[in-house]
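A short write-up of the structure that comes next.
We did not get these values from a lab; they are worked out from the coordinates using the rules stated. Everything numeric here is computed off the predicted structure, so don't read it as measured data. A quick note on method: Cβ atoms are made from the backbone with ideal geometry, for glycine too, and the neighbour counts reach across all protein chains shown.
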Amino acid sequence: MSVSHPMPAASPIAATPFRPTGPLMGVLPLAIGIVVAVLLHVILPGFVGPYYSRIVIDIGIAIILAVSLNIVNGMTGQFSIGHAGFMTVGGYTAGLITYYGSYFIWGTLGKHGVFLGTGEWLFAASCIVGGLVAAGAGYIVGLPSLRLRGDYLAIVTLGFGEILRVVLQQTGKVLDDGAAIRAAGWSQWLPPPVGGAIGFDGIPKYTNLFWVYTFVTITVVVAYRLKHSSLGRAMISVREDEIAAQAMGVNIARQKVLAFVMAAFFAGVAGGLFAHERGVIISPKDAGFQRSFDYVIMTVLGGRGSISGVTLAAIILTALPELLRDFEQYRLIVFALLLIVMMIVRPQGLFGIHEIWHFWRRRSR
Amino acid sequence: MADFTQTLMTAAAIGSLYALIALGYTMVYGILKFINFAHSDIVVLGAWSSYTVADQVLPRLGYDSRTIPPLWIGAVILPLIMLFCGFVGYVIERLAYRPLRRAPRLNVLITAIGVSLFLQNLGQLDFMFGASPEKMPALLPSWELASFSFGTGEATRKVVISLVDTMIFATSGTLMLVLEYLVFRTKLGTAMRAVSYNTDTAALMGIPVDRVISFTFVLGSSLAAAAGFLYVMKYPGINQPAHTVWVLLGLKAFVAAVIGGIGNVRGAVLGGFVIAFVEQFGAFYISSNYRDVYVFALLIGILLVKPTGLLGSPLREKV
């Protein structure tokens, strides 16, 4: 199995374009991504209107989830079908912080501040805290993966999502005014009042193109850098052959749990973005397996381990159903058939572990 | 005491359903080493085709949804549905899983998820079963076979043994005995066990591996169909094919197979009853809101203490 990709620096004869090395490798794409995010935020809504802007936001969130799931399913070769569970953990945590936090900081519920104002920074921080809490959950769920082989792990992750759904359904109703929040005793805060089965309504809708694509950039750059780091190669070696990897001195247990924690972190961030998205009420249903399957399909179709491939799959699989609204009921039938045919015809996914530009480069030679 | 007995009887009926479904998971896992996610959709197919027969075919025979047909009608419908679902199971194996015989297990698992999604959403289409719940017409009279009284005076509580529970228990018990005979007493069963023990060696011994695997799928699918049929006897409100209830039913049955020791036929039956008892008693004595949580907690507990399951041993007999 060739996990290596054509090394760019290997051919000194070819005139190589400017290729940043060292820390710049990470910082430059990040800076470009943030600039793009700002441009998107400023320009796009004016051009395409709120409906299509929302689809672009959905695409961004899907990219974060699919690319992060790819760390577990694609690079490390584990099989998690509870990714939506981590997303929901992050979403509820972030929602709790912005909803009740707004009250304790400013004395009012609801959105606070303008673009890049204090409210938005609270929101960004809440997404990161949501990510951290989800990462904690990822650690707990990842632990059994040390003892369980692939398909048992699938059941445990699936069970995690389902348990989470049941537990969230038992939470109390959202406290919707200041008096109720002040009057609430400890018994009402544990478990937190996040709305039960009907969902956490009233979370201030901070999510915008800028924050979504900033986090998309961070996720993609981290995943790409990870893939080409020694850590990422250790993960890929676990995927290829656990015993051989162990013989080479790779700490299998550590790699697996690390993959889970990282993937869960980004899923939690995406959950924070999702919970604050306009027109979305995050509810226990989101933790269920149906949503997890969506992201599994994206990683499988895009190529297990290919970051650009998975990104492309996330874009297409999110945009396509929106464009084909009339065929909504056929959506999952087509996706499922794609999945089956793909496994028979091209099991490594569209791009395998390669990135899109590797194919382009091969052809241009 | 009355509550205890009643819960016990419900658990026995549900447990036999879990056991029937778990048998299909465990047989496929024993041979092909993957979780057949599409198995729960065969249960759905069994349930919904029972509904279709009872709703469309029976009225033409003169039994509308208010009159209860004689008992033999159910005894005719059940084998037909089992045959039909067995055929569907065969087709699925032939088209989706056989091309992947030499592929990594993860690929087969992903395919299984694909097949499951496909069946769920195909079943939801309007010309199939539709995307709304239905009410199953009663095929069994609501007889009480026996009733016991506990306590005296004001505190008297009655426990009823219903015909439905008894039929579920008896039918699935019979099916399990038939399977037991098939697996351990016939040449075909020996071939199945040989294939699960070592596929390549079995092939060298002249066992037609592909045919045995197909047969395993047919067997598992028809048991699942029977479980679906019995399930709608007990719970007449049928949810739409892609409803979470079905996936959870399948998941719990798989958990039962794991708890009993995956690949072990007797273990699956044991696991089915264990799961049902934990679930029913947990729901009754602790809180019914968390009934799914008990099952998964038990799974994680068992996996940590005895990863091979209750009856699984390093030299276990797998089918």
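By other beta-carbon atoms within 10 Å, ranking A:MET262, A:MET298, B:MET1, B:MET128 with the fewest at the front produces B:MET1, B:MET128, A:MET262, A:MET298. Exposure proxy ranking for A:VAL222, B:VAL269, A:VAL261, A:VAL167, based on other Cβ atoms within 10 angstrom of each Cβ and starting from the fewest, stands as A:VAL167, A:VAL222, A:VAL261, B:VAL269. A simple charge model with +1 on the Cβ of Lys and Arg, -1 on the Cβ of Asp and Glu and nothing else charged puts the dipole of region B:165-319 at about 220 debye relative to its Cα centre.
Kirkwood hydrodynamic radius of region B:2-305, from the reciprocal of the average inverse Cα-Cα distance over all distinct pairs: 20.0 Å. Label-to-label distance, A:ARG278 versus A:ALA183, with points set 7 angstrom from Cα along the beta-carbon direction: 3.4 nm.
Taken as Cα centroids, region B:138-155 and region A:282-328 sit 51 Å apart, rounded to the nearest whole angstrom. Is region B:85-211 rounded, prolate or oblate when judged by the Cα gyration tensor, a ≥ b ≥ c being the square roots of its eigenvalues, rounded requiring a/c under 1.5 and prolate requiring a/b larger than b/c? Here region B:85-211 falls in the oblate category. Overall form of region B:201-319: oblate. Here a/c, set by the Cα gyration tensor axes a ≥ b ≥ c, is 1.5 or more, and a/b is not larger than b/c. Bridgeable lysines around A:LYS111 (alpha carbons under 29 Å apart, same-chain partners fewer than 8 residues away excluded): A:LYS173, A:LYS205, A:LYS285. Simple point charges give the picture: +1 on the Cβ of Lys and Arg, -1 on the Cβ of Asp and Glu, and for region A:34-166 a dipole about the Cα centre of about 100 debye.
Overall form of region A:31-288: oblate. Here a/c, set by the Cα gyration tensor axes a ≥ b ≥ c, is 1.5 or more, and a/b is not larger than b/c. Rounded to the nearest 20, the Cβ-based charge dipole of the protein assembly as shown about its Cα centre (Lys and Arg +1, Asp and Glu -1) stands at 1760 debye.
Of the residues A:LEU231, A:ALA94, A:GLN170, the one whose Cα sits farthest toward the positive end of the charge dipole of region A:31-288, with +1 on the Cβ of Lys and Arg and -1 on the Cβ of Asp and Glu, is A:LEU231. Using a Gaussian network model of chain A in which every pair of alpha carbons under 10 angstrom is joined by a spring, one finds that among A:LEU96, A:LEU320, A:LEU226 the greatest mean-square fluctuation is at A:LEU320. Remark: the protein assembly as shown is approximated by an ellipsoid whose semi-axes, taken from the C-alpha gyration tensor as √(5λ), come to 45, 33, 23 Å, largest first. Mean residue ellipticity at 222 nm, helices only, the protein assembly as shown: -22000 deg cm²/dmol; runs of at least 4 DSSP H residues each add -39,500 (n - 2.57), and the sum is divided by the number of residues.
Once the Cα atoms are used to define both axes, helix B:39-52 deviates from the longest principal axis of chain B by about 50 degrees.
Here's the picture: charge each Lys and Arg Cβ at +1 and each Asp and Glu Cβ at -1 in the protein assembly as shown, and of A:ILE57, B:ALA191, A:ALA197 the one pushed furthest to the positive end of that dipole is B:ALA191. For chain B, the longest principal axis of the Cα atoms and the long axis of helix B:71-92 meet at an angle of about 30 degrees.
For chain A, hydrophobic long helices are taken as DSSP H runs at least 30 Å long by C-alpha position along their axis with mean Kyte-Doolittle hydropathy of -0.5 or more; these are A:24-70, A:83-106, A:118-142, A:252-275. Between B:LEU299, B:LEU71, B:LEU122, the GNM of chain B built on Cα springs shorter than 10 angstrom shows B:LEU71 fluctuating the most. As a rough footprinting exposure proxy, the listed residues B:SER50, A:SER308, B:SER149 were ranked by other beta carbons within 10 Å of their own, and the order from fewest upward is B:SER149, A:SER308, B:SER50.
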